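Working notes, structure below.
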Ligand SMILES: [Zn+2]
């Protein structure tokens, strides 16, 4: 079940996606990690810290490994976390599962552009992570990637 707080934080993730240095070969994505008490724990966006960064990875990397707050947090991402990637050994779905984050809220399902049939949601769900989608923000999340898909 999603709430107006979810809409607010996912809106923030979409805002962050507009900060990404543009790339012809990767999506522009923003991510916000919010703790159970509603406090922002971390934020990130694609290519923020290095040219291969994914948004969820950038946000997770700013927190200490094993931060106990992650076990009750929600990750808001403007795009479904990747389940397959060429640039790094671990996908965002794996990083989220390893961090113990129980809930992910996304705006947009990955279109078949760089990988066919993104498995991110399926991987998360099969590991027991709740994945919810707020389609009201899909168009805004997509708009940050208009240079790739239009
Ligand atoms: Zn990723």
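No lab work stands behind these numbers, since they all come straight from the coordinates. No experiment lies behind these values; they were computed from the predicted model shown. FYI the Cβ positions are ideal-geometry reconstructions off the backbone, even for glycines, and counts take in every protein chain you see.
Stretching residue 86 away from residue 50 to a fully extended chain increases their span by 11.5 nm, per 0.36 nm per residue minus the current alpha-carbon distance.
Please work out whether the range 1-77 counts as rounded, prolate or oblate from its C-alpha gyration tensor, where a ≥ b ≥ c are the square roots of the eigenvalues and a/c under 1.5 means rounded, while otherwise a/b larger than b/c means prolate and anything else oblate?
Values: a/c = 2.79, a/b = 1.38, b/c = 2.02.
Verdict is oblate for the range 1-77.
Considering only DSSP beta bridges with both partners in the chain, what is the antiparallel share in %, to the nearest 5? Spell out each step's value before the answer.
Values: 9 of 18 bridges.
Taking every DSSP beta bridge within the chain, about 50 percent pair in antiparallel fashion.
Provide 45, 76 in ascending order of the number of other Cβ atoms located within 10 Å of each residue's Cβ, fewest first. Walk me through the numbers on the way to the answer.
Values: 45 27, 76 34.
Listed from fewest to most nearby Cβ atoms, that is 45, 76.
Calculated mean residue ellipticity, 222 nm, the chain: -8000 deg cm²/dmol, from DSSP H runs (n ≥ 4) at -39500 (n - 2.57) each, averaged per residue and rounded to 500.
State whether the range 79-130 is rounded, prolate or oblate according to the following rule on the C-alpha gyration tensor (a ≥ b ≥ c being the square roots of its eigenvalues): a/c under 1.5 gives rounded; otherwise a/b larger than b/c gives prolate, and the remaining case gives oblate. Oblate is the answer for the range 79-130, as a/c is 1.5 or above yet b/c matches or exceeds a/b.
What order do you get for 3-13, 20-30, 129-139 when each peptide is scored by the mean count of other beta carbon atoms within 10 Å, highest first?
20-30, 3-13, 129-139
Is the C-alpha gyration tensor of the chain telling us rounded, prolate or oblate? Criteria: a/c under 1.5 is rounded; beyond that, a/b larger than b/c is prolate, otherwise oblate. Rounded, since a/c falls under 1.5.
At a 10 Å Cβ-Cβ cut-off, how would you order 97, 33, 149, 75, fewest neighbours first? Walk me through the numbers on the way to the answer.
Working: 97 18, 33 28, 149 10, 75 32.
So the residues, fewest neighbours to most, are 149, 97, 33, 75.
The ranking of 14, 105, 40 by Cβ neighbour count inside 10 Å, starting from the fewest, reads 40, 105, 14. Here the label points at residue 146 and residue 122, each 7 Å from Cα along the C-beta direction, are separated by 3.3 nm in the simple model. Highest mobility in the GNM of the chain, judged by mean-square fluctuation with C-alpha springs under 10 Å and restricted to 127, 65, 107, is found for 65.
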